[in-house]
Amino acid sequence: MRMKCVYFDRKHIFLMASIFFGVMSLILTWYSIRHVQISDSNETNNNRLVGDPAVLDLGSIKQGNVEGCFTLRNKTDERIEIFKIVKSCRCANVQLSTNLIEPFKEEKIFLKWDTAGIRGVGSNYLTLFYKTGNQDENEVGQLNLIIRGDVVPCFDFEPNTLNFASKELSVKKIQIVPRSGCPEVTITDVSCVAPYIHKEIIGSHEVQVTFDPELWEKTSYNNQTKLIIKTNFEADSRYEYTISVSSNL
C-alpha cells in the first residue's frame with residue numbers, strides 16, 4: 001500500500017493558519033468573558049461598603065486645590081475596617097473620619113485634590129480595601145471612587161500653536177493672555193531642545209520665536225517640537241507649547 005504525500009501551497013497554508021487563529025481567538029474571547037463574569041460576581045459578593053456618590057463630578061473647577069467629600073455606607077451587620085487606600089495620583093490628599101465603620105452606619109471620606117498643571121477634564125481615582133470582622137486580608141472587599149472636573153486654566157496662549165514653513169526664515173510671537181478674575185501672570189523662562197528654534201522673552205508677556213530653515217534641514221528628524229514656557233503662576237508654572245514645521249506651507 002503506497003502512502004500519498006500531501007503538499008500544501010501558500011494559499012492553503014494561509015487558509016489553515018487563519019482558521020487556527022480564528023478558533024483560538026474565539027476560545028480566548030469566551031475565556032475572557034467568563035473571567036469577567038466571575039470577577040463581577042466576586043465584586044458583588046464583596047460589595048458590603050458603598051460610596052455616595054461613586055463618581056463625584058465637580059463640574060468646572062479652578063487650577064489649584066479643590067475639595068470633595070464621599071459618604072461611605074456599611075450595608076452589613078458587621079463592623080467594617082478600611083485598612084488600605086490607593087490613590088491614582090500623589091496630587092490627592094485623603095482623610096477618613098475613621099477607618100472603622102459600624103454596622104449600617106455612615107462615615108465620611110474627605111479629599112483634597114491639587115489640580116495644578118491640569119487643563120481641561122481631569123480625574124483622580126481612589127481604591128479602598130476593607131474587611132469585616134471575620135475576614136482576613138486574603139478575602140477583602142474593594143471600593144472604587146472617582147473625583148473629576150473640568151479644570152479651567154487661569155491663562156491661555158495666543159496663538160495656541162505655531163506652524164512654520166520648512167523653507168522660510170520666519171519670526172512669530174506668542175502672547176500670554178490671562179482670563180477674567182485671575183491674577184497677573186508673567187513669563188519667567190522659555191526653553192527648547194530643537195536647535196532650529198531661537199526664542200526670546202519680550203517684556204514679561206510675550207515670547208518671540210525664530211525658525212531657522214537651514215538648521216532644520218540639517219538637524220531635524222521630525223516636524224514637531226515643544227517649547228517649554230515657565231510662568232510665575234504656581235498652579236500652572238510649566239506649559240508645553242507645540243511648534244510644528246510643514247513642508248506644504
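Structure above, values below:
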| item | result |
| --- | --- |
| Every residue from the range 142-176 that is closer than 18 Å to L227 by Cβ, β-branched (V, I, T) and in a strand (DSSP E or B) | V171, I174, I176 |
| Residue among D136, D189, D212, D114 that alone is modelled with pLDDT under 90 and not aromatic (F, W, Y) | D136 |
| Residues of the range 183-213 classified as under 20 Å from I118 (Cα atoms) and in contact (Cβ under 8 Å) with a residue 40 or more places away in the chain, total | 7 |
| Count - residues of the range 183-237 that are of a type in the set (S, T, N, Q), in contact with a His (Cβ under 9 Å, 6 or more places away or on another chain) and more than 18 Å from F155 (Cβ to Cβ) | 2 |
| Residue match in the range 91-114 (condition: hydroxyl-bearing (S, T, Y), surrounded by 15 or more Cβ atoms within 10 Å (Cβ to Cβ) and more than 14 Å from G51 (Cβ to Cβ)) | no |
| Single condition Q208 does not satisfy, out of (1) more than 28 Å from the chain's Cα centre (by Cα); (2) within 30 Å of E107 (Cα to Cα); (3) surrounded by 13 or more Cβ atoms within 10 Å (Cβ to Cβ) | (2) |
| Flag if V121 is of a type outside the set (D, E), surrounded by 15 or more Cβ atoms within 10 Å (Cβ to Cβ) and outside any loop (DSSP other than H, G, I, E, B) | no |
| Considering residues of the range 65-79 that are surrounded by 16 or more Cβ atoms within 10 Å (Cβ to Cβ) and either out of contact with any strand residue (DSSP E or B) (no Cβ under 6 Å at 6 or more places or on another chain) or of a type in the set (A, V, I, L, M) (or both) only, the residue nearest to V50 (Cα to Cα) | L72 |
| Search result, residues across the range 80-90 that are of a type outside the set (A, V, I, L, M, F, W, C) and surrounded by 15 or more Cβ atoms within 10 Å (Cβ to Cβ) | E81, K87 |
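The values are calculated or read from the model by the stated rules, or taken from the named source; none is laboratory data. None of the values given here were measured: they were computed from a predicted structure. We place every Cβ from the backbone using ideal geometry, glycine too, and count neighbours over all the protein chains shown.
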